[in-house]
Amino acid sequence: DASQIANMADSFAESLGYINRAIDLLRQEDIPELLANAQYRKGTLLYTWAQNGNPQFLKPSMEAYQAALKVFTRDNAPEVFAEIHHHLGVIYSEIPDEAKKKGIWAAVSVSSFKEALRYFTRETNPYEYARICNSYANALTKYPEAAQSDNHAKALSFYREALDVRTAADYPHERALTLLNFLEIGWFVHHENEASEKALLEEMESYIAE
């Protein structure tokens, strides 16, 4: 709790110190569920910092989440399991590494996003579904170029899934962000013919106006 409060006060180093202390104490007491919860909190803490311009926290966030998954499984904690995999999907797509290993990171990223979408479906959890689709689309734009498919075109399909849920009436702010993502990536799509290129351009023009 002290870690969470320190984080809210932007005392990041203090927050990390508290959560690490909690983890050490819980490990000594051999309380696996509370330890996993602390690891989950640490992973989320570091994930948030990483997403705010601190990529050095990606790897320790990944390690904390992976430790939490040893206890929070698909069977006994499906929602937490899915949320962790959502964040891992993002982390795997962004973690710095040499070029030849990027394909491996992309593969495990895809696997994590599929795990997240397995629980957070459009029918049961539409808001979370749209959030994960948007994250998955962003990740696709960071994967190495695929030989058999166009990652950018695939990203647009997931942005469209998110936009179907993120309507102007219900989620105007989230919709605007997804529209901007769509417009940024739309220029990089490879077209098989002039008709598909024209159709996408018209779609983009409507989103620009919106």
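The values are calculated or read from the model by the stated rules, or taken from the named source; none is laboratory data. Remember, predicted model here, so these are calculated numbers, not experimental data. FYI the Cβ positions are ideal-geometry reconstructions off the backbone, even for glycines, and counts take in every protein chain you see. Keep in mind that these areas ignore ligands, DNA and RNA; they rest on the heavy atoms of the full protein, side chains included. Shrake-Rupley method; radii C 1.70, N 1.55, O 1.52, S 1.80 Å.
Observations on the model:
- Test result for Lys142, farther than 24 Å from Leu180 by Cα and among the basic types (Lys, Arg): no
- The set of residues from the stretch 67-106 being closer than 21 Å to Ala147 by Cα and among the charged types (D, E, K, R) comprises Glu94, Asp97, Glu98, Lys100, Lys101, Lys102.
- Arg74, sole failed condition from (1) of a type outside the set (S, T, N, Q); (2) outside any loop (DSSP other than H, G, I, E, B); (3) under 19 Å from Glu128 (Cβ atoms): (2)
- Residue list for the stretch 56-70, restricted to those being farther than 22 Å from Leu117 by Cβ and open to solvent by less than 60 Å² (accessible area, probe 1.4 Å): Phe57, Pro60, Ala64, Ala67
- Answer residue from the stretch 1-50, given it is charged (D, E, K, R) and assigned to a helix (DSSP H, G or I) and is surrounded by the most Cβ atoms within 10 Å (Cβ to Cβ) among those: Lys42
- Selection from the stretch 190-209 of residues that are within 27 Å of Glu128 (Cβ to Cβ) and either exposed (fewer than 11 other Cβ atoms within 10 Å of the Cβ) or modelled with pLDDT under 95 (or both): Ser206
- Residues that are closer than 18 Å to Phe120 by Cβ and of a type outside the set (Gly, Ala, Ser) within the stretch 59-82 comprise Tyr65, Leu69, Phe72, Thr73, Arg74, Asp75, Asn76, Pro78, Glu79, Val80, Phe81, listed in sequence order.
- Flag if Ala82 is within 15 Å of the chain's Cα centre (by Cα) and either buried (at least 23 other Cβ atoms within 10 Å of the Cβ) or small (Gly, Ala, Ser) (or both): yes
- Tallying residues that are within 19 Å of Gly89 (Cα to Cα), under 17 Å from the mean Cα position of the chain (by Cα) and open to solvent by less than 40 Å² (accessible area, probe 1.4 Å) within the stretch 142-181 yields 8.
- For the criterion of being more than 23 Å from Ile104 (Cβ to Cβ) and in contact (Cβ under 8 Å) with a residue 40 or more places away in the chain, Ala130 passes.
- Test: Gly53 is modelled with pLDDT under 95 and either open to solvent by less than 20 Å² (accessible area, probe 1.4 Å) or not in a helix (DSSP H, G or I) (or both): yes
- Considering the conditions (1) part of a loop (DSSP other than H, G, I, E, B); (2) touching a Cys at 6+ places or on another chain (Cβ under 9 Å), Leu117 is excluded by exactly one of them, (1).
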